[in-house]
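Here the structure comes first, spelled out in structure tokens, and everything after it is commentary.
All of the numbers you see were taken from the coordinates with simple rules; none came from a lab. The structure presented is a predicted model; accordingly, all values stated were derived computationally and were not measured. Backbone-built Cβ (ideal geometry, glycine too); neighbour counts: all protein chains shown.
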Amino acid sequence: MEGGFGPYGAPQPPTRERRPDQDVERPARPSRLRVKGERRPSGAVAKRARRATPQPTRTRRKRRAPSDVETEILRLGGKERGPKLLSQLMQAADAFSEGRDRDALPIARRVRNALPDSPTTRELSGLIQYRTGNYRAAAKDLEEFIRLTDAVEQHPVLMDCYRAQKRWNKIDELWEDLAATSPSAELVTEGRIVAAGAKADHGDLPGAIAMLAKKAKAVKQPRDYHLRLWYALADLEERAGNLARARELFGRIKRHDADFADVTARAAALR
């Protein structure tokens, strides 16, 4: 199935975004395990730009759970099951952050099934499912994460899951929510890339280009999310036959980071 930015990881770029909305009284949102999803550029870009996504930090050292996560798991799991489930959750989080998604997945599922009302387990399970390409299952977990927390930080990943399923209306809903909330420039940019990719996927290439072009001005000291947006736009411009514009954008990325994805090869191919 096509779709997915690739592994939404720690910290990583997106290519597609997704989101739901609910209006129920929700518990105070616990701080998340600092294992984030990845994000990548969109459309055909997603495949080419996997290498543009920073890989999760690899570490052999076991981490302790943040205190709020520990409190959440012990509260929901109780005295008897809580400590064991917390240990399993951290095992899954460590495996995920080290890129061992296939090892992390069964552990995360087990903890999620034991604690279905835990936002942390829903988020981690959703991100692992996403990174392994199980977009439908990932969407269910991330929808539940949003219902429990009212948070927007995984909207880009959920949007990308919807993109893989061609659920265009859901993508539009999540993008509107994310844009209205404007949590950070990086997160909104990731959502924009996914939303634009979805437009291109269902035939609105001019609209996709316009959506990215309005935020694609050159900056002196670009951050990763600027490079990802420029790359996604360059890819769309090339697909639309606007080769001079694509060449300029790939060249701009190359001047700042010649090792970004396959930008050197892409730029050379357009000479």
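Being over 22 Å from Arg100 (Cα atoms), in contact (Cβ under 8 Å) with a residue 40 or more places away in the chain and assigned to a helix (DSSP H, G or I) is the filter here; which residues of the range 120-155 pass it?
Hits for the range 120-155 are Glu143, Ile146, Arg147, Leu148, Thr149, His155.
With in a helix (DSSP H, G or I) and exposed (fewer than 15 other Cβ atoms within 10 Å of the Cβ) as the only criterion, which of Ala234, Ala210, Ala246 stands out?
Among Ala234, Ala210, Ala246, only Ala210 is in a helix (DSSP H, G or I) and exposed (fewer than 15 other Cβ atoms within 10 Å of the Cβ).
In contact (Cβ under 8 Å) with a residue 60 or more places away in the chain and closer than 26 Å to Arg223 by Cβ, is that true of Leu158?
The answer is yes for Leu158.
Name the residue, out of Glu173, Glu186, that is in a helix (DSSP H, G or I), under 16 Å from the mean Cα position of the chain (by Cα) and among the charged types (D, E, K, R).
Step by step, each of Glu173, Glu186 is checked, and only Glu186 is in a helix (DSSP H, G or I), under 16 Å from the mean Cα position of the chain (by Cα) and among the charged types (D, E, K, R).
Out of (1) touching a Pro at 6+ places or on another chain (Cβ under 9 Å); (2) under 17 Å from Ala185 (Cβ atoms), the odd one out for Pro222 is which?
Every listed condition holds for Pro222 apart from (1).
Which of the residues that make up the range 228-246 are farther than 13 Å from Ala185 by Cα, touching a helix residue (DSSP H, G or I) at 6+ places or on another chain (Cβ under 6 Å) and of a type in the set (A, V, I, L, M)?
Residues satisfying the conditions are Ala232, Leu233, Ala234, Leu236, Ala240, Ala246.
Report whether or not Ile171 is touching a residue at least 60 places away in the same chain (Cβ under 8 Å), touching a strand residue (DSSP E or B) at 6+ places or on another chain (Cβ under 9 Å) and closer than 18 Å to Leu236 by Cβ.
Yes: the conditions hold for Ile171.
What are the residues in the range 249-263 that are surrounded by 15 or more Cβ atoms within 10 Å (Cβ to Cβ) and either part of a loop (DSSP other than H, G, I, E, B) or free of Cβ contacts under 8 Å to residues at least 12 places away in the same chain (or both), if any?
Our first condition is that a residue be surrounded by 15 or more Cβ atoms within 10 Å (Cβ to Cβ); within the range 249-263, this holds for 249-254, 256, 260-263.
Selection gives Phe260, Ala261, Asp262.
Would you say Pro116 is free of Cβ contacts under 8 Å to residues at least 60 places away in the same chain and outside any loop (DSSP other than H, G, I, E, B)?
No: the conditions fail for Pro116.
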